[in-house]
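Have a look at the structure below, then the notes.
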């Protein structure tokens, strides 16, 4: 197992668990919507983690977009205190994306002889 998969898996699962907690304790429709969006984007992060060993660069784009869109779904609730709750998942997904971009395979375009 590589670190991209482990970090992406941990971030996705943590994001889904955090979103379930936010949904179950929500007091308004906006908070519930924010939790549902975070759960959907966390599942995108899980899919990115699943393909991290074969499609490294595409998985990196999936993981970084998951982290960004979870962060963007928080202001919908009108409370930035949710950012503290989602921060570990966002950080794990972002770090996994950075590892995907750092360890992306280099394509050699030189003609074969």
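Apart from one condition, residue 104 fits all of (1) surrounded by 14 or more Cβ atoms within 10 Å (Cβ to Cβ); (2) at pLDDT below 90; (3) not in a loop (DSSP other than H, G, I, E, B); the exception is (3). Identify, from the list 77, 97, 89, 10, the residue that is in contact (Cβ under 8 Å) with a residue 24 or more places away in the chain and over 10 Å from the mean Cα position of the chain (by Cα). One residue alone meets the criteria, 77.
A quick yes/no check of all residues on (1) closer than 11 Å to residue 93 by Cβ; (2) surrounded by fewer than 16 Cβ atoms within 10 Å (Cβ to Cβ); (3) modelled with pLDDT under 90:
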| position | (1), (2), (3) |
| --- | --- |
| 16 | no, no, no |
| 29 | no, yes, yes |
| 39 | no, no, no |
| 44 | yes, no, no |
| 49 | yes, no, no |
| 63 | yes, no, no |
| 80 | no, yes, yes |
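For residue 73, the conditions (1) surrounded by 19 or more Cβ atoms within 10 Å (Cβ to Cβ); (2) within 14 Å of residue 98 (Cα to Cα); (3) at pLDDT below 90 are fulfilled apart from (2).
The values are calculated or read from the model by the stated rules, or taken from the named source; none is laboratory data. This is a predicted model, so every value here is computed, not measured. When we count neighbours, we look across all protein chains shown, and the Cβ atoms used for this are built from the backbone with ideal geometry, even at glycine.
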